[in-house]
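The values are calculated or read from the model by the stated rules, or taken from the named source; none is laboratory data. Just so you know, these numbers come straight off a predicted model, no measurement behind them. Counting neighbours? That spans all protein chains shown, and the Cβs are built from the backbone with ideal geometry, glycine included. Accessible surface is based on the protein model in full, side chains and every heavy atom, while ligands, DNA and RNA are left aside. Shrake-Rupley method; radii C 1.70, N 1.55, O 1.52, S 1.80 Å.
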Amino acid sequence: MAIESTFKEQAEELPIEGRKAFNPNGTFSIGPFTVANVNRGWKHIGGFSIFSYNNVRANQQHEFNVQNEQGSEWYVFGASNLQEKSLKSNTGITIEVAPNMEYYASYFTSPESGQWHLLTIDPRNYLERDKFEGELSNGSMTYKLKPVYKFEDKSLPMPDIIGYEFKDGDSIIAAVQVVDNGKVWVKAGLAADTRMVLASAVASLLLYDKLSEDVEHTEL
């Protein structure tokens with residue numbers, strides 16, 4: 001996908017291995033991180049509640065764990081097509097929700113930096129792309145998400161999102177291409193916990209089946 005050249009030149013690309021574009025539910029790796037135990041539905045949720053609701057009404061639910069080279073791991077829980085009220089119940093969200101949007105959220109807890117949520121609100125239409133909102137936040141730190149619609153060296157955008165950039169202020173710190181077999185870039189020199197937080201968010205986006213996901217990498 002097309003991303004800012006300055007970021008791409010300085011970033012580390014984390015190779016994705018084992019992920020199949022048309023069946024992305026199995027175990028795969030993102031650089032040194034392993035994504036495993038992928039389940040459609042929540043089996044390990046216990047007393048967990050996403051956005052303050054124990055029984056979230058969603059079109060799809062999934063869970064998986066992320067493990068680093070040292071063996072540390074945590075579970076990530078995701079849901080899409082959430083009801084607005086589920087999102088509004090969480091005071092940690094800093095962006096406005098609106099009707100007629102496609103919502104995706106994931107939630108996990110880092111032993112170092114606490115509870116994180118990823119939220120995207122997608123108008124599902126390139127012409128309304130300015131209405132897209134997204135964030136990855138633990139309450140004290142918030143990274144904004146920006147959708148990407150264009151492939152590198154192509155003049156025309158795709159009708160649907162092909163990837164996302166994670167921004168800390170005006171600076172890109174990570175990017176993920178979610179179509180084809182996927183690609184991931186991460187800013188060099190980030191703290192280990194930040195890298196694992198970003199890996200968890202990236203993995204959830206790679207496992208997120210958009211309601212209207214029909215994008216293929218075609219020549220324009």
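When the convex hull of the C-alpha atoms of region 146-204 is computed, what volume per residue in Å³ does it have?
Convex hull of Cα atoms, per residue: 100 Å³.
Can you check what the net charge comes to around GLU73, using other residues whose Cβ is under 15 Å from the Cβ of GLU73 (Lys, Arg +1; Asp, Glu -1)?
Once positives and negatives cancel, what remains is -3.
Quick one: which of LYS154/LYS187; LYS131/LYS154; LYS20/LYS154; LYS167/LYS187; LYS150/LYS183 span more than 19 angstrom between C-alpha atoms?
LYS154/LYS187; LYS131/LYS154; LYS20/LYS154
Tally up the carbon and sulfur contribution to the accessible surface of region 95-213 as a whole percent, 1.4 Å probe, everything protein left in place.
Here it works out to 45 percent.
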